[in-house]
Amino acid sequence: LPYVVERRHWRDFPSESDFHHNWSELISSLKSSQSKPVVYLPLAYFPESSTDYWVSNKIALDYRTLTLNILKVLSEKFIVVVKEHMHMLGGRDVEYYRAIKKINGVISVPPSINSNDVLSIANAVILGGGSVGIEAFVRGKPTLSFCNTSCWFAPSGATELDLADLPSWIQKTNETIGGHTPPSDGQKLEFIRRCLEGTMRVKRSGKLWPICNTEDLRSLFGIAIGSVSVVGLKLSDNTVD
């Protein structure tokens, strides 16, 4: 990877002019003049497992080039709204934000804006494996993703996107928006239950990371060992304590 998320230079922190502060008005204006669907593409924290480990196509590792290419393709047929991850400020080159803002049909929302405010006006959400996929389903928004291994992908019924064929995203996005039916309250509860199946409870705080609940960790190890062939490995009763 070319870098980790470090704040190395003051020049890497963007200024107000690198984003559209009148983003809401711009979206309303484009919708009235062009009658195009609004697609929300939240930028991911990177590097992070939901982007660089869970996505099988390694083209995702060149996140900057990938997202710029995605925006150029989608902006031909959609009003595309982008919002930077708040925790990435100072961790990317500001030229990235300026390149995004220069693409016609793309609106770059300031990072300080609540993601759900953007989500509320979108007709669809496109992303990798980020948590906005969960928020989108709960709020009744159709989701398309190039990460089919995230915890929410299958339960949400998200449309899978092929990173090797960006032009195909246009048709898939239109079909997903046109065929979408918002989930019922019961479906939302079932969705949350399935997403939480792989979540362990917290036993106590640690120095750096929370300490997992011992029973949940034993259960996880039991499932993992039962799903693979393990030779000469035995866990004692106090292995995970």
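Odds and ends about this structure:
- Estimated purely from DSSP H runs of n ≥ 4, each contributing -39500 (n - 2.57), the mean residue ellipticity at 222 nm for the chain is -10000 deg cm²/dmol once divided by its residues.
- Counting only protein heavy atoms and a 1.4 Å probe, segment 87-149 has 35 square angstrom of accessible area per residue.
- The shape of segment 1-100 comes out oblate: with a ≥ b ≥ c from the C-alpha gyration tensor, a/c is at least 1.5 while a/b does not beat b/c.
- For segment 172-228, the relative contact order works out to 18 percent when only alpha carbon pairs closer than 8 Å and six or more residues apart are counted.
- Sites V202 and V5 - FRET efficiency at Förster radius 35 Å, r taken between beta-carbons, to 0.05: 0.90
- Net charge contributed by nearby residues that have their C-beta within less than 13 Å of K188 (K/R +1, D/E -1): +1
- In nm, spacing of pseudo-spin labels at R194 and E95 (7 Å Cα→C-beta vector): 4.4 nm
- Cross-link reach list, lysines versus K83, counting only Cα pairs under 16 Å and skipping chain neighbours closer than eight places: K72, K101, K102
- Here's how it looks for V81: its modeled amide H is under 5 Å from those of V39, Y40, L41, I107, which are all 5 or more places away or on a different chain.
- Signed unit charges on C-beta, dipole axis of segment 1-147, positive-most listed residue F13, A136, W54: A136
- Each residue of segment 126-138 was assigned a 3J(HN,Hα) from its phi angle through the Karplus expression (A = 6.51, B = -1.76, C = 1.60, θ = phi - 60°), giving 10, 6, x, x, x, 5, 4, x, 6, 4, 5, 5, 4 Hz with x at Gly and Pro.
- Here segment 165-220 and segment 91-161 have alpha carbon centers that stand 15 Å from each other.
- Between L26 and K72, the FRET efficiency from the beta-carbon distance, with R0 = 30 Å, is close to 0.95.
- The chain: relative contact order as a whole-number percent, Cα under 8 Å and 6+ apart: 18 percent
- Annotation: amide H of C151 has no partner in the under-5 Å range at sequence separation 5 or more or interchain, hydrogens built in the peptide plane.
- Taken along its principal axes, the alpha carbon cloud of the chain reaches lengths of 66, 46, 32 Å, longest axis first.
- If a spin label sat at a point 7 angstrom from the Cα of M88 along the line to its beta carbon, the backbone N atoms of segment 39-59 nearer than 16 Å would be those of 40-55, 59.
- Solvent-accessible area, 1.4 Å probe, carbon plus sulfur percent, for the chain: 53 percent
The values are calculated or read from the model by the stated rules, or taken from the named source; none is laboratory data. In this text, all values refer to a predicted model and were calculated from it rather than measured experimentally. Counting neighbours? That spans all protein chains shown, and the Cβs are built from the backbone with ideal geometry, glycine included. Remember, those area values only see protein heavy atoms, side chains included, never the ligands or the DNA or RNA. Shrake-Rupley method; radii C 1.70, N 1.55, O 1.52, S 1.80 Å.
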